[in-house]
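Asker: Here it is, the structure, as structure tokens.
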Amino acid sequence: MKGKILIMLDLQDAMNTKVNEDWMNQNFSWYRAIWVESAELLDHYGWKWWKKQSLDAEQVKLELVDIWHFGLSILLLESDNREEISSNIAKQISNGKSSGDFCGDLEAFTLTTLEKKSFDISGFSALMSGINLSFEELYVSYIGKNVLNFFRQDNGYQDGSYKKVWSGKEDNQHLVELVGELDTNSKLFKDNLYVSLQRRYNESSI
């Protein structure tokens, strides 16, 4: 687990640096991004008593993955010792327990976020438990989304030359297929995924 956490920390730093080379000194409000994402997550979980709603568990998980991006960014700002960060995450991510009230756990997590302007790892872990999001699923989803974002940027996403649909499928569909073909436990998973995306994109009929 620690090895995979270190990979995610490195990739998060790389992504933030791609957006802003001096991101650590910009005082970005990462905590604010977390509580806004939490509100979006709650809508996918369902809470409105005045209308029919149904739980969209997969979308809830995706929102948690988005929150994880911001949480890692906060942790990178709080310490430059990534081994220490990974050990702390591994310890707390394994001990989180759902109270049985997912909405209540989400509110507690959000309250801590707003009060401390930090990342509540154990609170996040409780949310993972409450929606049955395993660490392995979190890892694979995180790596996949980050690699796809890098791939898009490198292939003309900002100037509009990149096409999200190629060979009759959206790029996220290609992503899911390739993730299923690769060894997600490999230390080279993210690199292999990027190479596979690029190869398929180059060979595609856009």
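Asker: Against the longest principal axis of the chain, how steep is helix 121-130, in degrees 0 to 90 to the nearest 10, with axes from Cα atoms?
Answerer: Tilt relative to the chain: about 80 degrees.
Asker: To one decimal place, what orientation-averaged projected area in nm² is obtained for the convex hull of the Cα set of region 125-170?
Answerer: 4.5
Asker: Restricting to DSSP loop positions (anything but H, G, I, E, B) with no more than 16 other Cβ atoms inside 10 Å of their own Cβ, which GluC sites (Glu not before Pro) remain in region 2-51? Before the final figure, lay out each step's value.
Answerer: Numbers: sites: 21, 37, 40; in loops: 21.
Sparse-neighbourhood loop GluC sites (Glu not before Pro): 21.
Asker: So, one more: Give me the base-10 log of I(q)/I(0) for region 47-101 at each q in 0.17, 0.23 Å⁻¹, Debye formula, one uniform scatterer per Cα, rounded to two decimals.
Answerer: Debye intensities relative to I(0), on a log10 scale: -0.76, -1.04.
Asker: Let me ask something additional. For residue 32 and residue 1, calculate 0.36 nm times their separation in residues minus their Cα-Cα distance, and state this gained length in nm to one decimal.
Answerer: My answer for the length gained is 8.4 nm.
Asker: FRET efficiency for residue 172 and residue 13, Cβ-Cβ distance as r, R0 = 22 Å, nearest 0.05? Kindly include the intermediate steps, with their values, before the conclusion.
Answerer: Working: r = 24 Å, r/R0 = 1.08.
After rounding to 0.05, the efficiency reads 0.40.
Asker: What is the local net charge at residue 166, summed over the other residues whose Cβ is closer than 13 Å to its Cβ (Lys, Arg +1; Asp, Glu -1)? It would help to have the intermediate numbers written out before the result.
Answerer: Working: positive: 152, 163, 164, 169, 199, 200; negative: 170, 171, 177, 203.
The answer is +2.
Asker: Starting from the Cα of residue 117, draw a straight line to each of the lysines and keep only those under 27 Å, dropping any in the same chain fewer than 8 residues away.
Answerer: Cα-Cα hits under 27 Å: 2, 4, 18, 61, 91, 97, 145.
Asker: Moving to a separate point now. Roughly to the nearest percent, how much of the accessible area of the chain is carbon and sulfur, given a 1.4 Å probe?
Answerer: Its accessible area is 48 percent carbon and sulfur atoms.
Asker: Which of rounded, prolate, oblate describes region 55-152, given a ≥ b ≥ c as roots of the alpha-carbon gyration tensor eigenvalues and a/c under 1.5 marking rounded, otherwise prolate only if a/b is larger than b/c?
Answerer: Numbers: a/c = 1.56, a/b = 1.09, b/c = 1.43.
Taking the square roots of the gyration eigenvalues as a ≥ b ≥ c, region 55-152 is oblate.
Asker: How far, in degrees from 0 to 90, does helix 171-181 lean away from the longest principal axis of the Cα atoms of the chain, to the nearest 10?
Answerer: 90
Asker: Once you list every other residue whose beta carbon is under 11 Å from the beta carbon of residue 126, what net charge do they have if Lys and Arg are +1 and Asp and Glu are -1?
Answerer: That works out to -2.
Asker: Moving on. For the pair residue 97 and residue 22, what calculated FRET efficiency results from E = 1/(1 + (r/R0)^6), where r is the Cβ-Cβ distance and R0 = 35 Å, to the nearest 0.05?
Answerer: 0.35
Asker: Could you tally the net charge around residue 178, taking each other residue with its Cβ under 14 Å from the Cβ of residue 178, Lys/Arg +1 and Asp/Glu -1? The partial results should precede the final answer.
Answerer: On the way: positive: 145, 169, 190, 199, 200; negative: 170, 171, 177, 181, 183, 191, 203.
Taking every Cβ under 14 Å from that of residue 178, the sum is -2.
Asker: State in Å² the accessible area per residue of the chain; use a 1.4 Å probe, count heavy atoms of protein chains only, and round to the nearest integer. Could you put the intermediate results ahead of the total?
Answerer: Working: 11020 Å² over 206 residues.
Heavy-atom accessible area per residue stands at 54 Å².
Asker: In whole angstrom, note down how far apart the Cα centers of region 1-43 and region 181-206 are.
Answerer: 23
Asker: Helix 57-78 sits at what angle to the longest principal axis of the chain, using alpha carbons and giving 0 to 90 degrees rounded to 10?
Answerer: 80
Asker: Moving on to the next point. Across bins of 10 angstrom width beginning at 0, how are the C-alpha pair distances of the chain distributed, in whole percent?
Answerer: 8, 32, 35, 21, 5, 0
The values are calculated or read from the model by the stated rules, or taken from the named source; none is laboratory data. Predicted, not measured: the structure shown is a model, and the values here were computed from it. When we count neighbours, we look across all protein chains shown, and the Cβ atoms used for this are built from the backbone with ideal geometry, even at glycine. These accessible areas exclude ligands, DNA and RNA; they are computed on the full protein's heavy atoms, side chains included. Shrake-Rupley method; radii C 1.70, N 1.55, O 1.52, S 1.80 Å.
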